[in-house]
Amino acid sequence: MYERTSGSSIRYDLGDGHPLAGRNAPEFRLEDGTPLGDLLRDGRGVVLDFSADRRLHRPARGWEDRIRYVAGPALDDLGTGAVLVRPDGIVAWAGDPGPDSEAFERAAGRWFGAVSPDR
């Protein structure tokens with residue numbers, strides 16, 4: 001009952017089949033203890049790249065004025081390889097371990113516009 005009345009069970013259809021997409025982002029904490037909420041304070045989106053090879057570092061550069069790129073392990077990544085969170089805290093895209101950089105780029109383009117011309 002709490003989930004229905006609080007709105008925490010709401011899921012927006014964002015066209016991504018991942019179970020986290022369209023939901024309020026979990027309060028991910030990086031290994032150093034930094035919570036996701038702190039990373040969203042400047043009004044930009046955030047991509048959390050949990051992949052060991054920092055697979056999304058290069059693609060994320062095209063949106064660095066609109067998306068903060070953060071890499072490294074989380075205390076609990078919920079089995080994801082990466083998560084793109086909109087400034088309102090909704091998960092726009094989530095990738096499995098070994099995230100697909102092209103899928104990330106499509107989602108980033110959809111929610112944050114075209115890549116910066118100086119990319």
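What follows is calculated from the coordinates using simple rules that are stated; it is not laboratory data. Please read all numbers here as calculations on a predicted model, not as lab measurements. Methodologically, a virtual Cβ is constructed for each residue, glycine included, from the backbone with ideal geometry; neighbour enumeration extends over all protein chains shown.
What Kirkwood hydrodynamic radius, in Å, does region 30-102 give when the mean of 1/r is taken over all pairs of distinct Cα atoms and then inverted?
Numbers: mean 1/r = 0.0829 Å⁻¹.
One over the average 1/r among Cα pairs gives 12.1 Å for region 30-102.
As a footprinting exposure proxy, order 40, 75 by other Cβ within 10 Å, with the fewest listed first.
Working: 40 18, 75 11.
Lowest count first: 75, 40.
So what's the angle, to the nearest 10 degrees on a 0 to 90 scale, between helix 101-112 and the longest Cα principal axis of the chain?
Between the helix axis and the principal axis of the chain, the angle is about 70 degrees.
Output ³J(HN,Hα) for region 35-51: one whole-Hz value per residue in order, computed from phi by the Karplus curve 6.51 cos²θ - 1.76 cosθ + 1.60 with θ = phi - 60°, and x for Gly and Pro.
x, 3, x, 5, 6, 8, 5, 8, x, 8, x, 9, 10, 9, 9, 8, 5
If the only charges are +1 at each Lys and Arg Cβ and -1 at each Asp and Glu Cβ, what is the size of the charge dipole of the chain around the Cα centre, to the nearest 20 debye? All intermediate terms of the calculation are to be shown ahead of the outcome.
Working: 16 positive and 20 negative charges, 67 e Å.
The calculated dipole for the chain is roughly 320 debye.
Suppose the chain between residue 75 and residue 106 were pulled fully straight at 0.36 nm per residue; how much longer would it get relative to their current alpha carbon spacing?
Numbers: separation 31, 0.36 × 31 = 11.16 nm, distance 2.73 nm.
That works out to 8.4 nm of additional length.
Taking the dipole about the Cα centre of region 14-112, with the C-beta of Lys and Arg at +1 and of Asp and Glu at -1, give me whichever of 89, 112, 22 is farthest to the positive side.
Projecting each Cα onto the dipole axis, the largest value belongs to 112.
Would you mind ranking 93, 111 so that the residue whose beta carbon has the fewest other beta carbons within 10 Å leads the list?
111, 93
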